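Asks: Sharing a structure, written as structure tokens. Questions coming.
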Amino acid sequence: MILDASQPGSVKTAAEALARGDLLGMPTETVYGLAADADNDAAVAQIFAAKGRPTNHPLIVHVADADTIRRYAKEVPLFAQQLIDAFWPGPLTVILPRLPDAAKASTGGQDSVGLRCPSHPVAHALLLACQKLESPVWGVAAPSANKFGRVSPTTAQHVASEFGDALLVLDGGACEVGIESTIVDCTRGVPVLLRPGAITRDDIERACGIRPLSKEEMPEHTPRASGTLLAHYAPSANVRLMNAKQIQTALEIMGKDAANIAIYSRARMLTPAKSVVLRRMPDDAHEASRELFAALRDFDAAKVKLIWVESPPESEDWEGVRDRLQRAAAA
């Protein structure tokens, strides 16, 4: 059931559902999350079951403010605090050493915890409402509200189509960022970028004065983190990344026989086959990230079998989009 967040009492109803141990579809500025009380192991187990997600694959814990960090993390390095000060609330997840008894099920058995303070006004209102309950919920585990490995949802309708009417979904409108948060590991003395997102490497360096390493540069003892598997974010159709010339050449070779194909490109493509679905990718990286998952879902709805995507630029601002498309193609 979809619950309009703008209606009186909706946010409180959603908070009470979390306190009961129920699952909830919740909006954030990045994607919609499948939420549960992060400290309720039985509720968190429902997330893994509903998504079909391995229980050792950790979840991000969403909190209302930086003060709540002390309930989950046993220490916050200076550079991590600088990142928190610069980007919270916002699309940044920091991985910190976990307190022994905090969010055990949510962290996949690791001694670290991923924490994020979302900037979406409905998400923030929900987290504050959770803290004010008679039995407060301090942290909300919320991976993307989709089946494991599939395309993330950016509207309440996407979530409802994935899990049906039995799931309560708090509708906060379409997501502004459109791809998942940047994840920075802060457990090894220097920032290590585990998943790119809207907050870039340059942004991180400006905030804390340290250029983040890639996980390939520091592979030892890398924590498991959400959305970092080789194959992820995949639609039902097969995704292939090509440059614009390769796409146009393939269309010319297939001619009018081209069928069950969608093209997502910045370059204008010409095709004699009317059945080919053409959609232009925005030239701006932020606009492209905002619509990426919705575009992939639209292609699936059109029943195409192949999605040919023009490879994004190699510039840093496109890193998050490239990451999602490369993982979708690997699936």
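Asks: Can you sort R201, R195, R211 so the residue with the fewest Cβ neighbours within 10 Å comes first? Display every interim value, and only then the final one.
Replies: Numbers: R201 18, R195 24, R211 12.
Lowest count first: R211, R201, R195.
Asks: If R₀ is 25 angstrom, what is the calculated FRET efficiency for the pair L230 and E314, using the beta carbon separation as r and rounding to 0.05?
Replies: Values: r = 20 Å, r/R0 = 0.79.
With R0 = 25 Å, the Cβ-Cβ based efficiency is 0.80.
Asks: Let me ask you something else. Output wanted: per-residue J couplings in Hz (rounded whole) for segment 252-262, from phi through Karplus 6.51 cos²θ - 1.76 cosθ + 1.60, θ = phi - 60°, x for Gly and Pro.
Replies: 5, 5, 6, x, 6, 7, 4, 8, 6, 10, 10
Asks: Rounded, prolate or oblate: which fits segment 238-330, taking a ≥ b ≥ c as square roots of the Cα gyration tensor eigenvalues, rounded meaning a/c under 1.5, else prolate when a/b beats b/c?
Replies: prolate
Asks: Now a separate question. Give me the net charge of P89's neighbourhood, meaning all other residues with Cβ under 11 Å from the Cβ of P89; Lys, Arg count +1, Asp, Glu -1.
Replies: Its environment carries a net charge of -1.
Asks: Once the Cα gyration tensor of segment 157-252 is found, what semi-axes does its equivalent ellipsoid get, as square roots of 5 times the eigenvalues, in whole Å, sorted largest first? Mind dumping the intermediate values first?
Replies: Numbers: eigenvalues 180, 115, 44 Å².
The answer is 30, 24, 15 Å, longest axis first.
Asks: Modelling each spin label as a point 7 Å along the Cα-to-Cβ direction, I'd like the A42/A331 distance in nm, to one decimal.
Replies: Rounded to a tenth, the inter-label distance reads 3.2 nm.
Asks: Eight or more residues apart or on different chains, and alpha-carbon atoms under 20 Å: count the Lys pairs in the chain matching that.
Replies: Step by step, the pairs that qualify in the chain add up to 13.
Asks: How far apart, in nm, are the 7 Å Cα→Cβ label points at I2 and E287?
Replies: 2.5
Asks: Against the longest principal axis of the chain, how steep is helix 121-131, in degrees 0 to 90 to the nearest 10, with axes from Cα atoms?
Replies: Tilt of helix 121-131: around 30 degrees.
Asks: Please state the relative contact order of the chain as a whole percent: Cα pairs under 8 Å, 6+ residues apart?
Replies: Values: 749 pairs, mean separation 66.2, N = 331.
Relative CO of the chain lands at 20 percent.
Asks: Cβ under 15 Å from A129's Cβ, A129 left aside: what net charge do those residues give with Lys, Arg +1 and Asp, Glu -1?
Replies: Numbers: positive: K12, R20, K132; negative: E16, D22, D37, D65, E134.
That sum, taken over residues with Cβ under 15 Å, equals -2.
Asks: Please label the shape of segment 213-283 as rounded, prolate or oblate, based on the square roots a ≥ b ≥ c of the eigenvalues of the alpha-carbon gyration tensor (a/c under 1.5 means rounded; beyond that, a/b larger than b/c means prolate, else oblate). If you can, show how the numbers build up before the last one.
Replies: On the way: a/c = 3.26, a/b = 2.58, b/c = 1.26.
Prolate, because a/c is 1.5 or more and a/b exceeds b/c.
Asks: Tell me, what ³J(HN,Hα) does each residue in segment 16-26 have, in order and in whole Hz, if you take phi through Karplus 6.51 cos²θ - 1.76 cosθ + 1.60 with θ = phi - 60° and put x for Gly and Pro?
Replies: Couplings: 5, 4, 5, 5, 6, x, 7, 8, 8, x, 10 Hz.
Asks: For the pair E75 and S161, what calculated FRET efficiency results from E = 1/(1 + (r/R0)^6), where r is the Cβ-Cβ distance and R0 = 45 Å, to the nearest 0.05? Can you show the working numbers first?
Replies: Values: r = 42 Å, r/R0 = 0.92.
Approximately 0.60, to the nearest 0.05.
Asks: Per DSSP H run of n ≥ 4, the term is -39500 (n - 2.57); total these for the chain, divide by its residue number, and report the mean residue ellipticity at 222 nm rounded to 500 deg cm²/dmol.
Replies: Numbers: 9 runs with 98 residues, N = 331.
Calculated mean residue ellipticity at 222 nm is -9000 deg cm²/dmol.
Asks: Hey, fewest Cβ within 10 Å first, where do M254, M281 land in order? Could you put the intermediate results ahead of the total?
Replies: Numbers: M254 15, M281 19.
Starting with the residue having the fewest Cβ neighbours, the order is M254, M281.
Asks: I would also like to ask the following. Starting from the Cα of K147, step 7 Å along the direction of its Cβ; do the same at D22; then give the gap between the two resulting points in nm.
Replies: 2.4
Asks: Tell me, what ³J(HN,Hα) does each residue in segment 180-187 have, in order and in whole Hz, if you take phi through Karplus 6.51 cos²θ - 1.76 cosθ + 1.60 with θ = phi - 60° and put x for Gly and Pro?
Replies: Values, residue by residue: 5, 5, 5, 10, 10, 6, 10, 9 Hz.
Asks: When only alpha-carbon atoms are used, what values of Rg and Dmax, in angstrom, describe the chain?
Replies: Cα-based Rg and Dmax for the chain come out at 20.0, 66 Å.
Asks: Hey, could you grab the Kirkwood Rh for segment 70-206? Inverse mean 1/r over distinct alpha carbon pairs, Å, one decimal.
Replies: Details: mean 1/r = 0.0614 Å⁻¹.
One over the average 1/r among Cα pairs gives 16.3 Å for segment 70-206.
Since every read-out is calculated from the coordinates, none of them should be taken as a lab result. Nothing here was measured: the structure is a model prediction, and the numbers come from that model. Neighbour counts are summed over all protein chains in view; Cβ atoms, including those assigned to glycine, are modelled from backbone coordinates with ideal geometry.
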